[in-house]
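Shown next, in structure tokens, is the structure this report addresses.
The values are calculated or read from the model by the stated rules, or taken from the named source; none is laboratory data. It should be emphasised that the depicted structure is a prediction, and the values quoted were computed from it without experimental measurement. When we count neighbours, we look across all protein chains shown, and the Cβ atoms used for this are built from the backbone with ideal geometry, even at glycine.
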Amino acid sequence: MKKKIKKIIKDIYYLLFKGYHIVPDYYGRAAGKQVDLKKIKGFSELANKVIKDDTTCLYYDRLYTVFNILNTLEKNQKLNKGYSFLEAGVYKGGTSFFIASMLKKMGVKCNFYCVDTYEGHSEGDLKKTINDGVHKYGMFQETSYEFVKKYLSEFENVQVIKNKIQDVSENIIEDKYFFIHLDMDIYLPTKFGLETFSKQVVNGGIILIDDYGFKSCPGAKKAVDEFCLKNKNFVKIPLMTGQCILIKVEK
């Protein structure tokens with residue numbers, strides 16, 4: 001009965017206060033002091049576009065993490081050496097568009113690989129991962145390789161690759177990386193992405209893992225935690241957005 005009453009109250013609240021959520025107060029205790037993300041120049045325009053296009057699962061908070069990481073990297077001279085970027089778990093291409101737009105604005109010329117099956121989760125990956133009761137075969141099918149390729153066609157440096165991350169070609173695996181975004185939700189592909197591509201990340205480079213702190217994605221957290229236990233040359237920074245930043249440092 002209490003659950004039903006709480007749900008009714010929440011539904012009424014959402015109708016009255018569109019754009020707000022009922023959350024524990026530690027999320028919003030100082031919210032009134034914070035800058036409105038939708039008014040930050042350079043960020044809001046890009047974020048508004050991909051959110052309006054409905055091509056990303058990331059909302060303003062998580063996109064702002066990506067924005068700040070790339071702004072930090074802009075000041076690093078290694079960007080001028082042409083190290084590559086990678087996103088695995090592209091879905092409809094919105095986050096890739098966001099990243100590619102920032103790279104273009106910064107004048108960075110590098111390979112940017114956008115890897116996804118563009119058919120949703122594979123049955124094989126799900127059989128060998130944690131059963132979280134959420135992720136199922138074919139989930140995230142509402143996309144296609146052709147759609148994403150066209151959506152990202154204005155960026156000459158972007159390579160849209162239709163494949164599981166475990167099956168990409170050797171030239172991609174052997175490239176050197178400055179920034180990697182892993183957004184695959186489940187254990188097996190996240191584990192592979194970390195173990196394989198971390199070796200190719202240059203010192204000072206960053207891996208950003210989405211869904212690390214989400215109850216719906218225990219596989220992503222398991223993969224990251226296992227990886228960090230074995231790889232002490234990565235500094236782990238979990239965020240309240242559910243994301244996790246890994247920074248590669250010299251051994």
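Residues are listed down the side, and each one gets a yes or a no for (1) touching a residue at least 60 places away in the same chain (Cβ under 8 Å); (2) outside any loop (DSSP other than H, G, I, E, B); (3) surrounded by 23 or more Cβ atoms within 10 Å (Cβ to Cβ):
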| site | (1), (2), (3) |
| --- | --- |
| GLU156 | no, no, no |
| ILE180 | yes, yes, yes |
| ASN203 | no, yes, no |
| LYS221 | no, yes, no |
| ASP225 | no, yes, no |
| Sole exception among (1) surrounded by fewer than 21 Cβ atoms within 10 Å (Cβ to Cβ); (2) touching a Ser or Thr at 6+ places or on another chain (Cβ under 7 Å); (3) part of a strand (DSSP E or B) for ILE247, by number | (2)
| request: Could you tell me which numbered condition GLY93 fails, if it satisfies all but one of (1) surrounded by 13 or more Cβ atoms within 10 Å (Cβ to Cβ); (2) closer than 30 Å to TYR187 by Cα; (3) modelled with pLDDT under 95? | output: (3)
| task | Residue by residue through the range 38-82, note down the ones that are polar (S, T, N, Q) and either in contact (Cβ under 8 Å) with a residue 40 or more places away in the chain or farther than 19 Å from MET240 by Cα (or both). | result | SER44, ASN48, THR55, THR56, THR65, ASN71, THR72, ASN76, GLN77, ASN80
| request: Go through the range 142-154 and count every residue that is free of Cβ contacts under 8 Å to residues at least 12 places away in the same chain and surrounded by 12 or more Cβ atoms within 10 Å (Cβ to Cβ). | output: 2
